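Chemist: The structure that follows is given in the form of structure tokens.
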Amino acid sequence: MCGIAGIIFGQERSVDVDAALTALAHRGPDGQGQTVVPIGSTNVWLGHTRLAIQDLTEAGAQPMASADGRWLITFNGEIYNHQDLRRDLTRTWRGHSDTETLVEAISQWGVEPTVRRLNGIFAFGVLDRVHNALYLVRDPFGVKPLYYAQTENGFGFASEIRSLSAMTKRRFGIDRESLSTFLSLRFVPSPNTLLEGLMRLPPGHILRRPVLENRPETMCYVEPSRKVFTGSLEDAIDGYQERVGTAVRRQLLSDVPVGVLLSGGIDSAVVAALAADAIGGANVHGVSLPSDYSTEHSKSDAADLARRIGARYRVVPVAGMVEAFVGPLGLTGLSNYLGPNAGDVSPQWLAPMQDQFDAVLYLGPMAAIHFERPKPWHCDEPALAERVRRANLQRPGLGDRVKSQCVQ
């Protein structure tokens, strides 16, 4: 979980890039980096806070430039198939980070062809210094957050709202229309958010913004699969096991200790068992986060599983975790999560308590959904129809945006 930020601003404008990085420090405790690129009378600033997972040396530091100097990237996430991609690239490598793989792939193939080949969870900004254009990209499921806004001080983006607000010196107020939508649908369809003037890049989308023109263009790069499985039950079982196993093995790629979040349920048990098969149980750090609502049964199941696969195991109570997270950050610590994608909440709540954990990279049940190139989320027709109906009652035309969020 790294933090990214950037802004296109006129040289006469006042922006606070140090405040932007400070607001992201909890996402990347292992280092910070920043670069300014002058383009005419305009500057492009990219910043990064690093949680080092692969290539712990300076070869993995960001922002990172491509070998030819054309591309400059700030990246948050993991590319699980980056070693496969390297075999198709004609490059002399400086290190072994997935960030380097990504920026060199973009250098050789371009932005859109590259992101279509990625298997992973990611959000990044990349500057094309030849055609003077900034690209923002978000993974197909929207696991990694990415916000942007056009303000009087410039066009900015960041992993978190408070960083974007600090950088642009704009305090975003409540968007009453989006609030009404949220109360009706229980989420705000992307690209809108609860805050006026603040946008969220939709999952599976690329935004291209010319540096010298306020003319952003957005496109969806995901192509939904409509292939129907026609094999037998045995074929399905074998295929599922092979794909989930591949997904878990890919996500074990790390230069730091790897752990598994254990709930006592089936999903986390499958991930933990496959991880132990791949790297040995002694190399798996199991952790449970029992709340006041956790049953003794679930706690004992998690401990029993860890014992069976030979994993190390620790229980870390979540009591006080919310206070530990929100306390130093204020209520803005929760501002990112009033929407459909709250996948970053748990890792951020754990950040203030990281000294209690034995591993840096933790897998959870969501590992199982990345066994192929991710597809947009699907919803059944009755559920979609009801959401569209409620949205159109709220505001004519809103249903079209809701419908665009899923593929039938």
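The values are calculated or read from the model by the stated rules, or taken from the named source; none is laboratory data. Predicted, not measured: the structure shown is a model, and the values here were computed from it. Cβ coordinates were reconstructed from backbone atoms using ideal geometry, including for glycine residues, and neighbour counts include every protein chain displayed.
Chemist: If you take the residues of the stretch 224-241 that are free of Cβ contacts under 8 Å to residues at least 24 places away in the same chain and surrounded by 11 or more Cβ atoms within 10 Å (Cβ to Cβ), which of them is nearest to SER190 (Cα to Cα)? Walk me through how you get there before you give the answer.
Modeler: Narrowing the stretch 224-241 to residues free of Cβ contacts under 8 Å to residues at least 24 places away in the same chain: 226-241.
Still in the running and surrounded by 11 or more Cβ atoms within 10 Å (Cβ to Cβ): 235-241.
Details: ASP235: 38, ALA236: 34, ILE237: 36, ASP238: 37, GLY239: 34, TYR240: 31, GLN241: 34 Å.
Restricting to residues being free of Cβ contacts under 8 Å to residues at least 24 places away in the same chain and surrounded by 11 or more Cβ atoms within 10 Å (Cβ to Cβ), the top hit is TYR240.
Chemist: Check the stretch 281-288 and report whether any residue there is in contact (Cβ under 8 Å) with a residue 60 or more places away in the chain, surrounded by 11 or more Cβ atoms within 10 Å (Cβ to Cβ), out of contact with any helix residue (DSSP H, G or I) (no Cβ under 6 Å at 6 or more places or on another chain) and among the aliphatic types (A, V, I, L, M).
Modeler: yes
Chemist: Could you check the stretch 41-75 and list, in sequence order, the residues that are charged (D, E, K, R) and farther than 15 Å from TYR135 by Cα?
Modeler: Those that are charged (D, E, K, R) and farther than 15 Å from TYR135 by Cα: ARG50, ASP55, GLU58, ASP68.
Chemist: Any residue at all in the stretch 162-178 that is crowded, with 22+ Cβ neighbours inside 10 Å, in contact with a strand residue (DSSP E or B) (Cβ under 8 Å, 6 or more places away or on another chain), assigned to a loop (DSSP other than H, G, I, E, B) and of a type in the set (Gly, Ala, Ser)?
Modeler: Looking through the stretch 162-178, none of the residues is crowded, with 22+ Cβ neighbours inside 10 Å, in contact with a strand residue (DSSP E or B) (Cβ under 8 Å, 6 or more places away or on another chain), assigned to a loop (DSSP other than H, G, I, E, B) and of a type in the set (Gly, Ala, Ser).
Chemist: When the stretch 102-126 is examined, which residues are found to be buried (at least 23 other Cβ atoms within 10 Å of the Cβ) and in contact with a Ser or Thr (Cβ under 9 Å, 6 or more places away or on another chain)?
Modeler: LEU102, VAL103, GLU104, ALA105, ILE106, ALA123, PHE124, GLY125, VAL126
Chemist: Test ALA25 against the stated conditions and say whether it is small (Gly, Ala, Ser) and farther than 21 Å from HIS96 by Cα. Working first, answer last.
Modeler: Numbers: small (Gly, Ala, Ser): yes; farther than 21 Å from HIS96 by Cα: yes.
So ALA25 passes the test.
Chemist: For the structure I just gave you, tell me whether THR99 is at pLDDT 95 or above and surrounded by fewer than 24 Cβ atoms within 10 Å (Cβ to Cβ).
Modeler: No.
Chemist: Quick check on LEU198: is it closer than 30 Å to LEU127 by Cβ, crowded, with 20+ Cβ neighbours inside 10 Å and of a type in the set (A, V, I, L, M)?
Modeler: Judged against the criteria, LEU198 is a match.
Chemist: Please find, within the stretch 193-220, the residue that is farthest from the chain's Cα centre (by Cα) out of those that are among the acidic types (Asp, Glu) and assigned to a loop (DSSP other than H, G, I, E, B). Reasoning before the result, please.
Modeler: At the first step, the residues of the stretch 193-220 found to be among the acidic types (Asp, Glu) are 196, 213, 217.
Adding the requirement that they be assigned to a loop (DSSP other than H, G, I, E, B) leaves 196, 213.
Details: GLU196: 23, GLU213: 28 Å.
Here the answer is GLU213.
Chemist: What is the one condition in (1) buried (at least 20 other Cβ atoms within 10 Å of the Cβ); (2) more than 23 Å from the chain's Cα centre (by Cα); (3) not hydrophobic (A, V, I, L, M, F, W, C) that ARG138 does not satisfy?
Modeler: (2)
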